Amino acid sequence: MASDRIQGPKFRVAGHLKENSIKQQSVANLIGKSLGTTNRKIRGKSGFTVDEIQILHDNLEIPIEIFFN
């Protein structure tokens, strides 16, 4: 359902992953999405769900604030 997706600031997530040497494949594995879908989410072309944000925060310690403006 599209209404539960959060549209984050473009490239903030990508920058955080790069700064912390977190591979996109690791993110994809955690959220159960393909690498292509995950890449679109990371680049801000598609939104993360609230559940995906929580999973990434809990497992990779990505600050929740990074997903919001």
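Restricting attention to region 7-24, which residues are in a helix (DSSP H, G or I) and touching a helix residue (DSSP H, G or I) at 6+ places or on another chain (Cβ under 6 Å)?
ARG12, VAL13, ALA14, HIS16, GLN24, listed by residue number.
Applying the selection to region 29-61, what residues are out of contact with any Lys or Arg (no Cβ under 9 Å at 6 or more places or on another chain), modelled with pLDDT of 95 or more and among the hydrophobic types (A, V, I, L, M, F, W, C)?
LEU30, LEU35, ILE53, ILE55, LEU56, LEU60, listed by residue number.
Does at least one position in region 16-30 carry a residue that is among the hydroxyl-bearing types (Ser, Thr, Tyr) and touching a residue at least 40 places away in the same chain (Cβ under 8 Å)?
no
If you scan region 25-48, which residues turn out to be in a helix (DSSP H, G or I) and not β-branched (Val, Ile, Thr)?
First pass over region 25-48, keeping only residues in a helix (DSSP H, G or I): 25-31, 35-42.
Residues satisfying the conditions are GLN25, SER26, ALA28, ASN29, LEU30, LEU35, GLY36, ASN39, ARG40, LYS41.
Since VAL50 meets every condition but one in (1) free of Cβ contacts under 8 Å to residues at least 60 places away in the same chain; (2) open to solvent by less than 80 Å² (accessible area, probe 1.4 Å), which condition does it not meet?
With respect to (1) free of Cβ contacts under 8 Å to residues at least 60 places away in the same chain; (2) open to solvent by less than 80 Å² (accessible area, probe 1.4 Å), VAL50 is out only on (2).
The values are calculated or read from the model by the stated rules, or taken from the named source; none is laboratory data. Source: prediction; values computed, not measured. Quick reminder, even Gly has a Cβ in these numbers, built from the backbone with ideal geometry, and neighbours come from all protein chains shown. What goes into the accessible areas is simple: the full protein's heavy atoms, side chains included, and nothing from ligands, DNA or RNA. Shrake-Rupley method; radii C 1.70, N 1.55, O 1.52, S 1.80 Å.
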